[in-house]
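In what follows, a structure is listed as structure tokens, so that the remarks can point back to it.
The values are calculated or read from the model by the stated rules, or taken from the named source; none is laboratory data. From a predicted model like this one, the values you see are computed outputs, not experimental measurements. Cβ placement follows ideal geometry from the backbone for every residue including glycine, while neighbour counts extend to all protein chains displayed. Accessible surface is based on the protein model in full, side chains and every heavy atom, while ligands, DNA and RNA are left aside. Shrake-Rupley method; radii C 1.70, N 1.55, O 1.52, S 1.80 Å.
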Protein chains: 2
Amino acid sequence: MTEIHDHSACISTAMDRVERRCRAEGLQLTPVRRRVLEILLEEHRALGAYDILDRLRAEGMGSQPPVAYRALEFLMKHGFVHRIETLNAFVACTGGEIDDPHMPAFLICRTCRRVIETPAENGRGRLETAAEGAGFAIEHAVREAEGLCATCRAAS
Amino acid sequence: MTEIHDHSACISTAMDRVERRCRAEGLQLTPVRRRVLEILLEEHRALGAYDILDRLRAEGMGSQPPVAYRALEFLMKHGFVHRIETLNAFVACTGGEIDDPHMPAFLICRTCRRVIETPAENGRGRLETAAEGAGFAIEHAVREAEGLCATCRAAS
DNA sequence: TCCGTGTTGTAACGTTATTACATGAGTTAC
DNA sequence: GTAACTCATGTAATAACGTTACAACACGGA
């Protein structure tokens with residue numbers, strides 16, 4: 001995997017940010033939770049819960065689905081990880097706003113399976129516009145697009 | 001279920017439109033496919049593939065998952081039915097644009113489970129804006145919001 | 001020390017979706 | 001007419017994704 005950026009630095013920066021926030025809020029970043037986050041940061045793409053579970057198993061950290069799902073639930077609850085609905089998979093948050101709840105949009109490449117998290121915008125999108133018209137109160141929004149990323153487009 | 005609109009008329013209008021389009025394009029609206037579409041129109045909400053399969057089974061129209069999934073695949077391919085990713089479920093298309101490929105947004109009520117399909121807009125949404133900036137070519141977009149519909153909000 | 005809360009371990013199960021292969025119905029080509 | 005082809009269906013088995021339920025353990029107060 002040729003990386004444009006310094007991947008290990010990218011990981012440690014993200015981990016630092018998460019650790020700081022956990023200390024600040026008294027959240028327990030236990031070994032399993034920390035390891036799941038690291039795995040997702042290392043891969044830098046969407047992984048299924050069972051992919052993660054396989055890695056945990058290989059490292060002797062729990063072998064049953066709830067172990068992975070519980071860690072993911074914790075990480076998602078606090079915005080460190082996002083769920084990609086169209087893939088039934090999970091990615092580490094790469095938005096700058098790990099310290100803020102946000103409703104990001106994702107661009108998912110169908111060939112390299114990388115996921116680009118786009119920065120949150122506060123303006124009204126289509127969903128908000130439609131919701132207003134219908135008197136609908138949005139609690140959670142999913143915005144995901146599948147297609148070809150710039151790199152894969154160039155390669156084809 | 002108290003309906004505000006004339007439900008049977010709504011169903012037959014939708015069926016007519018689908019039939020016309022199938023004739024026009026030489027698509028085979030077979031008994032199973034037709035029945036699956038009718039079931040979704042009758043319910044007027046998102047149904048899981050196995051819910052649909054149960055109904056088919058009860059009517060003697062096939063009992064194995066592929067029967068339902070194949071019919072849904074056909075109906076989705078031609079825009080008669082949409083998949084709701086956040087529910088792993090399916091709804092009949094209620095947009096006026098059954099004759100046009102469209103990328104609708106959905107408002108999903110978490111209490112009554114109704115799904116509001118919003119009319120397609122052709123403007124740039126967040127996803128398009130983000131994609132442009134990243135050189136990403138969108139092939140399919142998913143926009144779904146969960147929350148409370150106007151009726152359920154009023155009731156609480 | 002006892003209780004309450006939160007985390008983990010484990011087995012079993014439930015739900016959603018796909019693969020693989022066989023059969024049948026209709027169409028076209030020769 | 002029949003062989004070859006395409007498209008739709010029937011069926012069994014399996015894969016992939018996710019949850020429930022309960023036991024055990026650790027830690028911080030009252």
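Residue by residue through region B:109-123, note down the ones that are open to solvent by 40 Å² or more (accessible area, probe 1.4 Å), on the phi < 0 side of the Ramachandran plot and charged (D, E, K, R).
Answer for region B:109-123, where residues must be open to solvent by 40 Å² or more (accessible area, probe 1.4 Å), on the phi < 0 side of the Ramachandran plot and charged (D, E, K, R): B:Arg110, B:Arg114, B:Glu121.
Of the residues that sit in region A:109-123 and are more than 20 Å from B:Arg83 (Cα to Cα) and assigned to a strand (DSSP E or B), which one is nearest to the other protein chains (Cβ to nearest Cβ)?
Step one: list which residues in region A:109-123 are more than 20 Å from B:Arg83 (Cα to Cα), which gives A:111-123.
Then keep just the ones that are assigned to a strand (DSSP E or B); that gives A:115-118.
Details: A:Val115: 11, A:Ile116: 6, A:Glu117: 9, A:Thr118: 4 Å.
The selected residue is A:Thr118.
So how many residues does region B:36-48 have that are surrounded by fewer than 19 Cβ atoms within 10 Å (Cβ to Cβ) and among the small types (Gly, Ala, Ser)?
Residues meeting the conditions: 1.
Out of everything in region B:124-156 that is assigned to a loop (DSSP other than H, G, I, E, B) and more than 8 Å from every other protein chain (Cβ to nearest Cβ), what residue ends up being surrounded by the most Cβ atoms within 10 Å (Cβ to Cβ)? Can you show your working first?
Within region B:124-156, the first condition is being assigned to a loop (DSSP other than H, G, I, E, B), and the residues that meet it are B:124-125, B:135-136, B:149, B:156.
With more than 8 Å from every other protein chain (Cβ to nearest Cβ) added as a condition, the list becomes B:124, B:156.
Working: B:Arg124: 13, B:Ser156: 7.
Result: B:Arg124.
Among the listed residues A:Glu43, A:Glu128, which satisfies the condition of being more than 13 Å from DNA strand C (Cβ to nearest atom) and within 21 Å of B:Glu128 (Cα to Cα)?
A:Glu128
Kindly establish whether A:Phe106 is within 20 Å of B:Glu146 (Cβ to Cβ), part of a strand (DSSP E or B) and more than 14 Å from chain B (Cβ to nearest Cβ). If you could, list the steps in order and put the result at the bottom.
Working: within 20 Å of B:Glu146 (Cβ to Cβ): yes; part of a strand (DSSP E or B): yes; more than 14 Å from chain B (Cβ to nearest Cβ): no.
No.
Suppose we filter region B:64-78 for residues that are open to solvent by 50 Å² or more (accessible area, probe 1.4 Å) and either in contact with a strand residue (DSSP E or B) (Cβ under 9 Å, 6 or more places away or on another chain) or more than 20 Å from B:Ala14 (Cβ to Cβ) (or both); how many remain? Break it down into steps so the answer makes sense when it comes.
Narrowing region B:64-78 to residues open to solvent by 50 Å² or more (accessible area, probe 1.4 Å): B:64, B:66, B:69-70, B:73, B:76-77.
Those still in the list that are either in contact with a strand residue (DSSP E or B) (Cβ under 9 Å, 6 or more places away or on another chain) or more than 20 Å from B:Ala14 (Cβ to Cβ) (or both) too: B:64, B:66, B:69-70, B:76.
The total comes to 5.
With the structure loaded, tell me whether A:Ala9 is in contact with a Leu (Cβ under 8 Å, 6 or more places away or on another chain) and at pLDDT below 95 or whether it fails that test.
On the way: in contact with a Leu (Cβ under 8 Å, 6 or more places away or on another chain): no; at pLDDT below 95: yes.
The answer is no for A:Ala9.
One residue is enough: does region A:27-47 have a residue meeting the conditions over 18 Å from A:Thr94 (Cβ atoms) and of a type in the set (Asp, Glu)?
no
Outside any strand (DSSP E or B), more than 13 Å from DNA strand C (Cβ to nearest atom) and of a type outside the set (S, T, N, Q), is that true of B:Glu38?
On the way: outside any strand (DSSP E or B): yes; more than 13 Å from DNA strand C (Cβ to nearest atom): yes; of a type outside the set (S, T, N, Q): yes.
Yes.
What do you reckon, is B:Arg57 within 21 Å of A:Arg143 (Cβ to Cβ), more than 8 Å from every other protein chain (Cβ to nearest Cβ) and open to solvent by 30 Å² or more (accessible area, probe 1.4 Å)? I'd like the intermediate steps shown before the answer.
Details: within 21 Å of A:Arg143 (Cβ to Cβ): no; more than 8 Å from every other protein chain (Cβ to nearest Cβ): yes; open to solvent by 30 Å² or more (accessible area, probe 1.4 Å): yes.
Spelling it out, it is not the case that B:Arg57 is within 21 Å of A:Arg143 (Cβ to Cβ), more than 8 Å from every other protein chain (Cβ to nearest Cβ) and open to solvent by 30 Å² or more (accessible area, probe 1.4 Å).
Of the numbered conditions (1) in contact (Cβ under 8 Å) with a residue 12 or more places away in the chain; (2) small (Gly, Ala, Ser); (3) surrounded by fewer than 18 Cβ atoms within 10 Å (Cβ to Cβ), B:Ala24 satisfies every one except a single condition; which is it?
All conditions pass for B:Ala24, except number (1).
Applying the selection to region A:13-45, what residues are within 16 Å of DNA strand D (Cβ to nearest atom) and of a type in the set (Val, Ile, Thr)?
A:Thr30, A:Val32, A:Val36, A:Ile39
Note down all Cβ pairs under 7 Å where the first residue falls in region A:48-77 and is over 13 Å from A:Arg35 (Cβ atoms), the second is open to solvent by 60 Å² or more (accessible area, probe 1.4 Å) and more than 8 Å from DNA strand D (Cβ to nearest atom), and they're at least six residues apart or on different chains.
As it stands, the answer is A:Ser63/A:Arg57, since those pairs meet every condition given.
Please count how many residues of region B:60-95 are away from DNA strand D (no atom under 11 Å from the Cβ), more than 14 Å from chain A (Cβ to nearest Cβ) and at negative phi.
Step one: list which residues in region B:60-95 are away from DNA strand D (no atom under 11 Å from the Cβ), which gives B:76, B:79-84, B:87, B:89-95.
Those still in the list that are more than 14 Å from chain A (Cβ to nearest Cβ) too: B:79-81, B:90-93.
Narrowing the set further to residues that are at negative phi leaves B:80-81, B:90-93.
Number of matching residues: 6.
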